[in-house]
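Worksheet for the structure shown next.
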Amino acid sequence: MRMVFRWFGEGNDTVTLDQIRQIPGVEGIVWALHDIPAGEEWPLARIEEVRDQAKRYGLHIEVVESVNVHEDIKLGLPSRDQYIENYIRTIEKLAKVGVKVICYNFMPVFDWARTELFKEMEDGSTALFFEKSRIDGIDPMDLVRNISENSALTMPGWEPERLMHLTSLFEAYRGVTADDLWRNLDYFLQAVIPVAEQNGIRMAIHPDDPPWSIFGLPRIITGQENLRRFLSLYDSPANSITLCSGSLGANPDNDIISMIHEFHDRIPFTHIRNVRVYENGDFIETSHRTQDGTVDISGIVRAYHENGFSGYCRPDHGRHLWGEKCRPGYGLYDRALGIMYLWGLWDAYRRNESAVK
């Protein structure tokens, strides 16, 4: 298991590279050029700038999250071919600086959805929260305003240039079915996966978050059956999964441990986080500790260990602790605590394995 840490770039993150390198076992950053609009080709000079920034602190940049997929690709519009060509050129540039994994998603309009960014928990910490009944009845623009007004930092998946056209985007998706989205995803994969193969990069799709339809928009990467379908679209190690225990774990019917055993050779990158799911469908993000949520984090780490996982792992969203002012879900303290919990589990399983031998 290779531990990495998401970083949003100089001037766009409250966490510094100097702090990241002090977390035990962290070898690299998970990064992106967040100011480049979806669909545009990434400039090589900017890519090299991030590489050089990380290198000064002994960190690599082998995992990118995300090279966002333009909505025209998801919609299957004639303009998609130009956006796919831009994507391909970006893949080629990323390979030049040693990138090995590109995490991306295929969610229409919204990358992820929460109704509250700083929900107070019993211990006084705060966390990202999803209130199902509220999302069922909220106007999408109200959700956008809530996200935009409650964070001074850019939020991944909530890019301003996309949200400015929210009304027209919803109109464009009117009548688009899950089958349409599958066809458009397949078209994208047939174009980009051969290029990824040639450049030694694994494209790793992220599950939908939450793993069900919201606002009437189709979502198709939600569980084991459709992950299996996704992998069958292009049978190659370059077509792979970012297995996120938090996204998938919001649906208690998802058996994440079974997914790891089935798909382990197609998981180059994993997000590990815990959520507490309530009977009414609400969920809140908790500490990584197994007992604090609904997701079997210790069982997940055991499954990775049993399958000899050697891919990249990052602690996903953390709580906001000790008065830290940070991007929602992306503070330093709880994610660092999460890393030490994950390492503790990993080391214990490794020691037990050695004792048995």
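The values are calculated or read from the model by the stated rules, or taken from the named source; none is laboratory data. Predicted model only: the values in this text are computed from it and were never measured. So basically every Cβ, Gly included, is an ideal-geometry build from the backbone, and we count neighbours across all protein chains shown.
Looking only at segment 329-353, filter to residues that are among the basic types (Lys, Arg) and more than 21 Å from Gly11 (Cβ to Cβ); which one of those is surrounded by the fewest Cβ atoms within 10 Å (Cβ to Cβ)?
Per the stated criteria, the residue is Arg351.
Going by the conditions given, is Ile257 of a type outside the set (Lys, Arg), under 20 Å from His320 (Cα atoms) and out of contact with any Pro (no Cβ under 6 Å at 6 or more places or on another chain)? Spelling it out, it is not the case that Ile257 is of a type outside the set (Lys, Arg), under 20 Å from His320 (Cα atoms) and out of contact with any Pro (no Cβ under 6 Å at 6 or more places or on another chain). The listed residues are Arg51, Arg89, and the only one of them that is in a helix (DSSP H, G or I) and exposed (fewer than 15 other Cβ atoms within 10 Å of the Cβ) turns out to be Arg89.
Out of the residues in segment 314-328 that are closer than 23 Å to Val64 by Cβ and modelled with pLDDT of 95 or more, state the one that is surrounded by the most Cβ atoms within 10 Å (Cβ to Cβ). Once the filter is applied, the top-ranked residue is Arg314. Within segment 82-128, the residues that satisfy the criterion of being modelled with pLDDT of 95 or more, of a type in the set (Phe, Trp, Tyr) and over 17 Å from the mean Cα position of the chain (by Cα) are Tyr83, Tyr87.
Mind checking which residues of segment 326-348 are closer than 25 Å to Trp112 by Cα and in a helix (DSSP H, G or I)?
Result: Tyr333, Asp334, Arg335, Ala336, Leu337, Gly338, Ile339, Leu342.
Gly323 meets the conditions (1) assigned to a loop (DSSP other than H, G, I, E, B); (2) within 18 Å of Leu17 (Cα to Cα); (3) not polar (S, T, N, Q) in every case but one. The failed one is (2). Taking helices (runs of 4 or more DSSP H) as the structural unit, those lying wholly within segment 195-279 and holding at least 3 residues that are closer than 26 Å to Glu116 by Cβ and not hydroxyl-bearing (Ser, Thr, Tyr) correspond to 245-249. In segment 258-267, the count of residues that are in contact with an Asp or Glu (Cβ under 8 Å, 6 or more places away or on another chain) and crowded, with 16+ Cβ neighbours inside 10 Å is zero. You will find that of Gly338, Gly293, Gly311, the residue that is among the small types (Gly, Ala, Ser), modelled with pLDDT of 95 or more, closer than 24 Å to Glu65 by Cα and touching a Gly at 6+ places or on another chain (Cβ under 9 Å) is Gly338 and no other. When residues in segment 94-140 are screened for being among the acidic types (Asp, Glu), outside any loop (DSSP other than H, G, I, E, B), out of contact with any strand residue (DSSP E or B) (no Cβ under 8 Å at 6 or more places or on another chain) and more than 25 Å from Thr167 (Cα to Cα), 0 of them pass. Within segment 162-215, the set of residues being touching a helix residue (DSSP H, G or I) at 6+ places or on another chain (Cβ under 8 Å) and of a type in the set (Gly, Ala, Ser) comprises Ala172, Ala191, Ala196, Gly200.
Using the structure shown, decide if Glu71 is buried (at least 19 other Cβ atoms within 10 Å of the Cβ), touching a Leu at 6+ places or on another chain (Cβ under 7 Å) and acidic (Asp, Glu). Yes, satisfied. Among the residues of segment 211-220, is any aliphatic (A, V, I, L, M) and surrounded by fewer than 17 Cβ atoms within 10 Å (Cβ to Cβ)? No, every residue in segment 211-220 fails to be aliphatic (A, V, I, L, M) and surrounded by fewer than 17 Cβ atoms within 10 Å (Cβ to Cβ).
Is there a residue in segment 32-45 that is outside any loop (DSSP other than H, G, I, E, B) and exposed (fewer than 15 other Cβ atoms within 10 Å of the Cβ)? Spell out how you get there, then give the answer.
Here is the first cut: in segment 32-45, the ones outside any loop (DSSP other than H, G, I, E, B) are 44-45.
With the extra rule that they be exposed (fewer than 15 other Cβ atoms within 10 Å of the Cβ), the set shrinks to 45.
Checked against the condition, which is being outside any loop (DSSP other than H, G, I, E, B) and exposed (fewer than 15 other Cβ atoms within 10 Å of the Cβ), segment 32-45 yields at least one hit.
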